[in-house]
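**Student:** Below you'll find the structure I mean.
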Amino acid sequence: MKKLVFCIGLLFVAIAAQMAVQAQTINGTISGSVADAAGAAVSGATVTVDNESTGFNRTVQTDNDGSFRFSGLPVASYRVRVEKTGFSTAVNPSVLATVGSDTDLLFQLQTGGVEAIVNVTAAGEVLETTSGQVQKTISRFQILELPGSNNLNGLALLNPGVLPNQNSRPGSGFAVNGNRTRSNNFTIDGANNNDQSLSIPRQNLPSGALEEFTIVTNTPKAEFGRNAGSYVNQITRSGNQRLSRVGLLQLVRQRSGCFNHESAEGFLGGPGEYTKSTNAPGGSSECTKRQRR
């Protein structure tokens with residue numbers, strides 16, 4: 001009986017460890033510290049992260065040394081708010097949580113009751129101080145601004161030490177740090193995306209479906225093992241509370257059979273609306289505009 005209980009306990013520990021590793025491969029971390037104007041740690045401050053697009057939020061209290069940490073955050077841009085009685089409220093409106101990285105912040109609260117908003121419109125590369133692994137993360141905005149290079153191979157080739165496949169060697173379209181083209185590990189949202197027979201990605205996602213692209217090229221963490229070349233992780237986009245332009249046009253096409261920007265204008269109550277007609281010459285269909293009454 002004791003052996004059975006021990007085995008069951010060991011199984012639960014293994015499952016929990018696997019879940020923790022999975023969370024690390026698809027989520028990010030935001031951490032930091034809170035101090036007053038003199039640089040002394042502020043304990044017991046309320047820190048809230050909020051993703052306004054999805055409504056996701058989480059709240060913690062700072063420790064005795066003024067530190068806080070949000071681990072396991074879905075990849076997204078967050079609004080970070082710090083509040084403490086007797087101090088002004090500090091807000092950083094745009095903090096990016098990226099896969100496998102720890103974004104470190106420092107808040108300095110001023111005495112008083114006036115809200116202070118820290119506006120960060122541009123920032124340099126985040127210096128990774130919690131891990132020795134070499135990785136590059138490309139956001140969905142950067143991916144969409146790279147026409148012609150926003151596929152998996154093109155994004156990988158943007159990084160130092162990554163070379164294109166020469167002479168059509170077996171494997172993927174690139175080699176990393178002198179390793180073989182078959183030495184790359186591919187995942188989607190942390191799940192295996194390797195074709196075991198060909199050593200290439202099993203699925204290639206369109207650029208519009210990606211939230212983030214991450215490639216680890218050297219000294220990876222334990223959870224990023226398996227292959228000696230690189231670890232490539234594609235994070236898919238999630239839904240949010242806003243109607244995107246692409247989603248709007250798709251809805252218009254389903255309703256009217258017409259797919260263009262002017263038909264979207266009509267769907268939103270503009271001066272005209274479009275309908276699909278099959279009376280065009282040759283029996284083809286066309287979209288015609290009519291004025292609203």
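Coordinate-derived values only; no laboratory data. These figures come from a predicted structure and were not determined experimentally. Glycine also receives a Cβ, built like all others from the backbone with ideal geometry; neighbour counts cover every protein chain displayed.
**Student:** Take the Cα gyration tensor of segment 138-197, multiply each eigenvalue by 5, square-root it, and list the three semi-axes largest first, rounded to whole angstrom.
**Tutor:** On the way: eigenvalues 82, 49, 20 Å².
Taking √(5λ) for each Cα gyration eigenvalue gives 20, 16, 10 Å.
**Student:** Whole angstrom only: what separates the Cα centroid of segment 192-232 from the Cα centroid of segment 30-98?
**Tutor:** Their Cα centres are 31 Å away from one another.
**Student:** Per-residue HN-Hα couplings for segment 99-104, Karplus 6.51 cos²θ - 1.76 cosθ + 1.60 at θ = phi - 60°, whole Hz, x for Gly and Pro?
**Tutor:** Rounded to whole hertz, the list is 4, x, 10, 10, 7, 9.
**Student:** Follow-up. Report the calculated FRET efficiency for Gln110 and Ser77 (r = Cβ-Cβ distance, R0 = 22 Å), to the nearest 0.05. Working shown, then result.
**Tutor:** Details: r = 25 Å, r/R0 = 1.15.
Calculated transfer efficiency: 0.30.
**Student:** Roughly how many nanometres apart are two label points built 7 Å out from the Cα toward the Cβ at Ser53 and Ser31?
**Tutor:** 2.6
**Student:** What distance in nm lies between label points placed 7 Å from Cα along the C-beta direction at Ala191 and Thr219?
**Tutor:** 3.3
**Student:** Here's a follow-up. Take every Cα pair under 8 Å in segment 26-117 that's 6+ residues apart, average their separations, divide by the length, and report that relative contact order as a whole percent.
**Tutor:** 37
**Student:** If I histogram all Cα-Cα distances within segment 134-236 using bins 5 Å wide from 0, what percent of pairs lands in each bin?
**Tutor:** All Cα pairs considered, the percentages come to 3, 13, 26, 27, 21, 9, 1.
**Student:** Please list the three semi-axes, largest first and in whole Å, of the ellipsoid equivalent to segment 26-117, using sqrt of 5 times the eigenvalues of its alpha carbon gyration tensor.
**Tutor:** In descending order, the three semi-axes are 23, 14, 10 Å.
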